[in-house]
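Visitor: Got a structure here, written out as structure tokens. Questions coming.
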Amino acid sequence: MSLHVFMHPGPWDSARCVEAEPRRPVLLVEMGGSGMQIRVPPQVDGFAVAAAYAEKLAKAAEEFAARCRELADGQNGDRARLRRAVERTCFDSHGMIFGGSDD
């Protein structure tokens, strides 16, 4: 059985590592009042398996963050270009638009 969960993070959401019991680390992801826990599997090599998974997860999270930053920078650039175009456009006393080109 597969479970797919789609979550949209907000600025108030968090991800953190907690250890409520000695030698039982938990990766806790909290979003919008919901939470997900990633725990060490109960097997002989459980810590190694969990560490390897966490490293893959961290790498994917860094790639996701880098791509989101790249897109946010582009989005901010688009907004700045739009703002400059609007600032270059003026209205005369009759409501006619005049001025500026978008370079």
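Each reported figure results from applying straightforward, stated rules to the coordinates on display, with no laboratory input. Predicted model, so just to flag it, every value in this text is computed and none were measured. No Cβ is skipped: glycine too gets one built from the backbone with ideal geometry, and neighbour counts run over all protein chains shown.
Visitor: Answer rounded, prolate or oblate for the range 14-90, using the Cα gyration tensor with square roots of eigenvalues a ≥ b ≥ c: rounded when a/c is under 1.5, else prolate when a/b is larger than b/c, else oblate.
Guide: Judged from the Cα gyration tensor, the range 14-90 comes out prolate (a/c at least 1.5, a/b above b/c).
Visitor: Then there's this: Looking at the range 1-66, which trypsin sites (Lys or Arg not before Pro) are in a loop (DSSP not H, G, I, E or B) and have at most 12 other Cβ atoms within 10 Å?
Guide: Passing sites in the range 1-66 are 23.
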